[in-house]
Amino acid sequence: MRKEYVVSYEEDGLKVLDFAYLKGINKRALKDIKMKGDILINNVHVTVIDKVKYNDKIVFCYPKEESLVEPWDKELKIVYEDDYLLVIDKPQGIACIPTRGHRFHTIANAIMSYYQKNHIEAAIHLVNRLDKDTSGLMIIAKYRDIHYTFSKNIKHIQRIYHAHVEGIVSEGTIDLPILKEEKKMKRIIDEEGKPSITHYQLIQSYDNYSLVKCVLETGRTHQIRVHMAAIGHPLVGDVLYGGKEGEFYLESIEVSFVHPVTGKNICIKK
């Protein structure tokens, strides 16, 4: 990965070190660049104590990232891609990352195969994870530094979901802390948990079921499932949280974010 900048009048005279921090390059990343990559000003190698001048072209060359994820020849639906990011439409029934129960046939394995086929020298950093049976839009950072930029302010990523729940709902906000049960996959509502906020709104109701729109302010594991169950409307088919047997439906239908490199507003909808 390369990050390129042109020095502005206001930035004239800054040390490369300070210029890098100003552009959001963190200390760990800058150390990697110094040790294994390169820093160029007008195509000439420089150090972090050298100074930049107005209209200089400065390039930070990141070292190649290594990954031990095995490739899986599984076609992915790519809905957005640039030099720094991927957004995919994840199918239902596939786990995101390798675990003891799902070692090879995961989204991460499929992404690695895509990278290799397209000669992309990148690693896999999932910005937002989806449960195995949740489908829809996922953001993947190709590089550690891009993922770090997202993780500093995850709240600026707007995530909208559709879900099929039991009962008839209207609209509201659920503000209940979520805690992981010790040694279990299940999450619970507990005052010792992390702050978690979900906004929900009815899209359509039929019989004794509702299709709802959920907007997340936080991104806790199982958040929508836990919150909707907590107000008496578990997702259909979500037996872990009290739902009756049926076809489970939870889908990420929209993601919006500020691009960590270009600063542009990106909105992707299904």
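The values are calculated or read from the model by the stated rules, or taken from the named source; none is laboratory data. Keep in mind that what you see is a predicted model, and the values were worked out from it rather than measured. Positions of Cβ are generated from backbone atoms using ideal geometry, with glycine treated the same way; all protein chains shown enter the neighbour counts. Protein only, heavy atoms only, side chains kept; ligands, DNA and RNA dropped before computing areas. Shrake-Rupley method; radii C 1.70, N 1.55, O 1.52, S 1.80 Å.
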| request: Mind giving me the FRET efficiency for residue 206 and residue 47? R0 is 45 Å, r the Cβ-Cβ distance, nearest 0.05 is fine. | output: 0.10
| query | Given only helices, namely DSSP H runs of n ≥ 4 each adding -39500 (n - 2.57), what is the per-residue ellipticity at 222 nm of the chain, to the nearest 500 deg cm²/dmol? | reply | -4500 deg cm²/dmol
| said: Going by average Cβ density within 10 Å per residue, which order do the peptides 50-56, 85-91, 9-15 take, highest to lowest? | reply: 85-91, 50-56, 9-15
| residue 262 accessible area, 1.4 Å probe, all protein chains in place, Å² to nearest 10 | 80 Å²
| request: Match the structure shown to one of the listed values (1) 44, 21, 18; (2) 50, 27, 15; (3) 41, 21, 16 of semi-axes √(5λ) of the Cα gyration tensor in Å, computed from it, and give that label. | output: (3)
| query | Top mean-square fluctuation among 182, 121, 66, Gaussian network model of the chain, C-alpha springs under 10 Å? | reply | 182
| field | Highest-MSF residue in the chain out of 134, 106, 173 [GNM, Cα springs under 10 Å] | value | 173
| request: Would you please give the residues with an amide H less than 5 Å from that of residue 56, counting only those at least 5 places away or on a separate chain, with H modeled from the backbone geometry? | output: 7
| Between their Cα atoms, which of 3/23; 27/155; 23/57; 186/270; 90/244; 3/53 are more than 19 Å away from each other? | 27/155; 186/270; 90/244
| message | Just to confirm my numbers, what's the Cα centroid distance between the range 72-113 and the range 193-270 in Å? | response | 21 Å
| field | Inter-probe distance in nm under a simple model that places probes 7 Å from Cα toward Cβ, at residue 171 and residue 14 | value | 4.2 nm
| request: Roll a 1.4 angstrom probe over the protein heavy atoms and tell me the percent of accessible area of the chain that is carbon or sulfur. | output: 48 percent
| request: Classify the range 200-250 as rounded, prolate or oblate, taking a ≥ b ≥ c as the square roots of the eigenvalues of its Cα gyration tensor: rounded when a/c is under 1.5, otherwise prolate if a/b is larger than b/c and oblate if not. | output: oblate
| field | Cβ-Cβ FRET estimate between residue 190 and residue 267, R0 fixed at 45 Å, reported to 0.05 | value | 0.85
